[in-house]
Amino acid sequence: MMEAMLGTFRYVLAHMVVVAHLAYTVGMWSGVYAVFSFFVISGYLMAMVLDTTYPWSARGILRFAANRALRIYPPYLLVLTLGLAMALWDPQWARLLGNVRLPDGPVEWLRNIGIFTLHLEPTRTARLVPPSWSLDLELCWYLAMALGLGRSRRIVTVWLLISLAWTVHLVFSGVLFPLRYAQLAPASLPYAAGAALYYYREPIRLYLRHSAHIAVAGTLYVVNAVIPNRIWPSEFLEGFYVSLALTLYLLASLISFDRSRTPRWFQRVDARLGDLSYPVFLCHLPVAPMLAMLDLSYAKGWRLFWIALPLINGIAWLVHWLSERPVVRLRDKVRGFAHGD
């Protein structure tokens, strides 16, 4: 069962990425913060399903992998097809997007279709779906968690401590921000933190049951995401790791809140927004360049963001309807087999 307001949180995070890529005037940090927040949520949810649904066995791991593939790949491949169609229509469609281009040769095509390894050399690797490098990290940590890292409180605690130590090492070694962010090892920290939150959720819930914590945590998270450059010496150092801590506070507040206390209509809206979060994340690029093809005056900025927003959400709903809804029953069947039904 999805936690209260988690769908809404994920929907907001997806639009933080959209703001960072299209409006840009608030800086790239909002999208950067959102990606690590997504990783924290994924760490929590994957620890939960591995603990409750998929046993630590070859059968359980295979069923988990199949379910994750059914979740990740159908929307991704649909948006990949959209990107390909746009690239064939107008080779200059990526003028808003930097290095996005048609893959060159079979190896790059296989990497784009399979997702794995797309985070390597991100400035040189052709990607028809620009955010796909983060999906690569997602899949890698899903696999690591299924194979053992996410399977018990003790293992997750050790994993978290190692991740913290590595992060401290990177920071005090003066490692540049991209190497503390868009790489496999640094992404270990948010996944481990999310998984630890799952295993330590019960004692945490004793202190965060009041709904006021959601308001406080949400407000602090938004303020830090909007104006970290006015609060911290560096939005990509102090602001970045404070955002990670606030993500944990907000997520802990959400999972501590009794979902039954929210109206049924809100639960339905929350679920629908959650359904749109992944498609919005995937399709905002390349949807926005469609407008640039039609009107070259649509340069990056708030004007492009607000004009593109309805189209992005409309196409995101279409992506969900065409690629995610058809596999819901199959995913439910995979879960049932995992339980041994």
Quick one: compute a quarter of the convex hull surface over the Cα atoms of the stretch 140-190 and quote it in nm². 3.3 nm²
For the pair Trp306 and Ser234, how long in nm is the line joining their label points, each one 7 Å along Cα→Cβ? 3.5 nm
Unit charges on C-beta of K, R, D, E only; dipole of the chain, Debye: 700 debye
Cα principal axis extents for the stretch 223-289, largest first, Å: 44, 38, 15
Using a 1.4 angstrom probe and counting only protein chains, how large is the accessible area of Met290 in Å², to 10? 40 Å²
Carbon/sulfur fraction of accessible area - the stretch 218-341, other protein chains in place, 1.4 Å, %: 65 percent
Chain lengthening between Arg101 and Leu62 when straightened (0.36 nm per residue, less Cα-Cα): 10.7 nm
Segment Asp332-Ala144, extension gain: residue separation times 0.36 nm, minus the distance between their alpha carbons: 65.4 nm
Put a dot 7 Å past each Cα toward the Cβ at Ile227 and Gln267; how far apart are the dots in nm? 3.8 nm
By accessible area (1.4 Å), largest first, Thr52, Thr125 order as Thr52, Thr125
Which of Ile214, Pro131, Tyr241, positive extreme of dipole for the chain (C-beta unit charges): Ile214
If you stretched the chain out fully between Arg259 and Tyr200, how much longer would it get, using 0.36 nm times the residue separation minus the C-alpha to C-alpha distance? 19.3 nm
Which value, in Å³ per residue, describes the convex hull spanned by the Cα atoms of the stretch 181-324? 172 Å³
From highest to lowest solvent-accessible area (probe 1.4 Å; ligands, DNA and RNA excluded), Leu149, Leu176 read Leu176, Leu149
Can you work out D for the chain in µm² s⁻¹ from Stokes-Einstein, where Rh is the Kirkwood radius over C-alpha pairs, the temperature is 10 °C and the viscosity is 1.306 mPa s? 77 µm²/s
Local net charge near Ser132, Cβ-Cβ under 11 Å (Lys/Arg +1, Asp/Glu -1): 0
First measure r as the distance between the Cβ atoms of Tyr207 and Trp321, then evaluate 1/(1 + (r/R0)^6) with R0 = 45 Å and state the FRET efficiency to the nearest 0.05. 0.65
Skip the ligands, DNA and RNA, and give the accessible area per residue of the chain with a 1.4 Å probe, whole Å². 46 Å²
I need to check one value: relative contact order of the stretch 143-231, counting alpha carbon pairs closer than 8 Å and at least 6 residues apart, in percent. 27 percent
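The values are calculated or read from the model by the stated rules, or taken from the named source; none is laboratory data. Being a predicted model, the structure only gives us computed values, none of them experimental. All Cβ positions, glycine included, derive from the backbone under ideal geometry; neighbour counts span all protein chains shown. For the accessible areas, the whole protein counts, side chains as well, though only heavy atoms, and no ligand, DNA or RNA atoms are used. Shrake-Rupley method; radii C 1.70, N 1.55, O 1.52, S 1.80 Å.
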